[in-house]
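Working notes, structure below.
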Amino acid sequence: MTFRQLAYHNVLRSRRSYAAFFLASVFSVMVFFVYSMFIFHPLFKEDGLQELAVRGMFIAEIVLYIFTLFFLFYSMSAFLQARSKEFGILMHLGMTKKQLNKMIFFETMILGAVSTVAGIAFGFAFSKFFFMIGREIMQLESLPLYVSWKPFALTIGAFASLFIIISVISVSFIRTKGILDLLQGYWKTDEVTGISKGLSLLGIFLLLAAYMLASMVTDQTVYQMAAIIPPIATLGTYLFFTHSIHSLLNLYKRRKGVYWHKTRLISLAEASVKLKDSAQMFFIVTIVSTVAFLTVGTLASFMSYTGDFRESNPLGLIYISFNGNESEQADVERLALQLEEKQLAYDVVPLSIKRQTSAFTGNDVDIFSAQQFNRLAFSLGFEPVYPEKGNGIFIPYSRDSLKELENSNVQTTLVESGIDLSIAEVYPRLMFPGHTMNLNSIIVNDEDYEAIDQPLIGYGPGESTFTYYAFDVPEWEETIAIGGELEEKMEKAAAAADFSGVNFFFENPGEDYRRFKSSFAILLFIGVMVAAVFLLAAGSFIYFKLYTGLERDRKQYSLLVRLGMTEKELRKIVNRQLVPQFFLPWGVALLHSTFAFISLQVVWDEFAELSILGEMVLVLSGFTVAQILYFFLIRWRYIAHLQAS
């Protein structure tokens, strides 16, 4: 039998043990290949959403490659440790370390080749499905399946190099061990040593400090805290698993009335050993799971912003004409013509807005006529307003301002025109996007409006008055490309930092919405796929750790059966050993993510005034359900392996 044949039979014989490793590898290759298919698609040009998709998937491929390298390195080391007795016997029979390394290299390359081929096959088989999703997200007319050598070459080259690196590095775990060490096996001691009380307290203190800082984040400190909290939480997590958890277990063990109770003694004694041995693995799983939670949760919160967008932007198109705009009528007529060409129903309401100075604040105030305002309100299906002479009504520019202005009662005078106003009401709806209007805007009686006959101080007649054209377009998401030439003029002026020839402002909320929604959907699609790889790998870490101690656990299981343990008691012991390994790092990751989302909420409050509580609960609940299902699957396989003895 040649070395290649020996390696092949070793892999075939251990196919059940390699199942989780193989599944995670195939899934990683499949995701990598699908992203490659998007990147090299001939219809993708370097502009707009296509550029975002390509760049996002390219970055995702880099992240995926690095993580997969780390994952395979860890998993291979776990398998090699579990097979230490097998390697010791082979070396005792005369196999040299060079030959052993060669055999391990062949085994790894066989697994790598099969994983790569299977991953590419599944990836190509499901490419059409992912293209359909991508087409809907990016709102493309078509995104057909294509065949090119580039995605295949990139995927094969990337993972061939990855498995070669793993093959070379993984054998280092064998080179440093002697035959006696290998024959003793992976589990050589049951003693829990090296626990420091100082480090135990420090780990708990750092975690509490990180959580406290995260709950105290403000708009002013969010960026500083983003640099301070992650290192504190990471170090605290490491110390918690390596020291703190074992100090807490030791305190529990001192309560003999509780600890010395039936199967609890065996369960906790064994759990102490495994928790100590698995401390670094728990740390890795916690960090990986936290990253996955935050990735999907953050991107899901972006999708919430798209849902909030319509409420904050009830208008279909916005065109604001300032003094001296000679193309005002031509631009408005062109917009109306473009809407008619797309067969979109619309209503355009011109609002002539006068700017004055408020004696109460000394700031500029935009004045709306109640008659013009009501016409727009009727068009949008909102309630009209009827302020009496000498009274005004605030126009809110955001939901927060709506709440703040509800209890306001202002007595002011419009300085230029000498008109006294009493303002004690606020309009109950958002009518205009906040960035298109003055923060101080009020509706006045038509008689008061007509009495405003003086321009803002420092301006000539008519210079402080502008016209706000509000387009009500019920099918506002269909306004894509309308007013494109106006946006182009604004972009050129912004690039040149010269707005002297642009006396207007134009915005197409429908196209902005499509851009926001598609961009965030693309990022969510990319993030979910990468997070799925992370979570599958995190579960596999636990499976690999269980596998490394499987031989020892079988002997223990057999001994307990001979001592008279019942099937029910043995299952209880197994559950008490497995539950901490699955749900302790998971619980810490959930706690990390919860406080991270609290900080993220502060950012969203400043940016878009929306709550991400629903997204946080949905994401964390979904991942928890997946982990519970994975736990029952692994427990079923683990018990089957134990009983196979």
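The values are calculated or read from the model by the stated rules, or taken from the named source; none is laboratory data. If you're wondering where the values come from, they're calculated on a predicted model, not measured in any experiment. Positions of Cβ are generated from backbone atoms using ideal geometry, with glycine treated the same way; all protein chains shown enter the neighbour counts.
Go over the candidates Phe33, Phe79 one by one and state the one that is aromatic (Phe, Trp, Tyr), in the same structural domain as Met132 (by TED's automatic domain parsing), under 30 Å from Val291 (Cβ atoms) and at pLDDT 80 or above.
Numbers: Phe79 fails: at pLDDT 80 or above.
Just a single option satisfies the conditions, and that option is Phe33.
Can Thr412 be described as β-branched (Val, Ile, Thr), touching a residue at least 40 places away in the same chain (Cβ under 8 Å) and surrounded by fewer than 19 Cβ atoms within 10 Å (Cβ to Cβ)? Step through it out loud before you land on a result.
Details: β-branched (Val, Ile, Thr): yes; touching a residue at least 40 places away in the same chain (Cβ under 8 Å): yes; surrounded by fewer than 19 Cβ atoms within 10 Å (Cβ to Cβ): no.
Criteria not met by Thr412.
In region 336-343, the condition of being without any contact (Cβ under 8 Å) to a residue 24 or more places away in the chain, among the aliphatic types (A, V, I, L, M), under 21 Å from Thr467 (Cα atoms) and in the same structural domain as Glu447 (by TED's automatic domain parsing) is met by at least one residue. Checked against the criterion of being touching a Pro at 6+ places or on another chain (Cβ under 9 Å) and over 25 Å from Leu536 (Cβ atoms), the candidates Phe105, Phe131, Phe40 yield just one match: Phe40.
The listed residues are Phe131, Phe105, Phe152, and the only one of them that is under 30 Å from Arg552 (Cβ atoms) and modelled with pLDDT of 80 or more turns out to be Phe105.
Quick one: would you say Asn407 is out of contact with any helix residue (DSSP H, G or I) (no Cβ under 9 Å at 6 or more places or on another chain) and modelled with pLDDT of 90 or more? No, not satisfied. The set of residues from region 385-405 being part of a loop (DSSP other than H, G, I, E, B) and touching a Gly at 6+ places or on another chain (Cβ under 9 Å) comprises Pro396, Tyr397, Ser398. Please indicate, with yes or no, whether at least one residue in region 383-391 is small (Gly, Ala, Ser) and more than 23 Å from Phe466 (Cβ to Cβ). Yes, region 383-391 has at least one match. Any residue that is of a type in the set (Phe, Trp, Tyr), in contact with a Phe, Trp or Tyr (Cβ under 9 Å, 6 or more places away or on another chain) and assigned to a loop (DSSP other than H, G, I, E, B) - is there at least one of those in region 414-427? The answer is yes, given that some residue of region 414-427 is of a type in the set (Phe, Trp, Tyr), in contact with a Phe, Trp or Tyr (Cβ under 9 Å, 6 or more places away or on another chain) and assigned to a loop (DSSP other than H, G, I, E, B). Could you give me the residue pairs with C-beta distances under 6 Å whose first residue belongs to region 362-379 and is within 16 Å of Met437 (Cα to Cα) and outside any helix (DSSP H, G or I), whose second residue is modelled with pLDDT of 90 or more and among the acidic types (Asp, Glu) wherever it lies, and which are 6+ apart or on separate chains? Final answer for the pair search is Ser369/Asp446. Residue count for region 420-443 satisfying the condition of being buried (at least 17 other Cβ atoms within 10 Å of the Cβ), free of Cβ contacts under 8 Å to residues at least 40 places away in the same chain and under 17 Å from Ile353 (Cβ atoms): 2.
For region 202-227, filtering for residues that are modelled with pLDDT of 90 or more and exposed (fewer than 14 other Cβ atoms within 10 Å of the Cβ) leaves 2. Taking region 141-160 as the range and being of a type in the set (A, V, I, L, M, F, W, C) and surrounded by 10 or more Cβ atoms within 10 Å (Cβ to Cβ) as the test, the residues that pass are Leu143, Leu145, Phe152, Ala153, Leu154, Ile156, Ala158, Phe159, Ala160.
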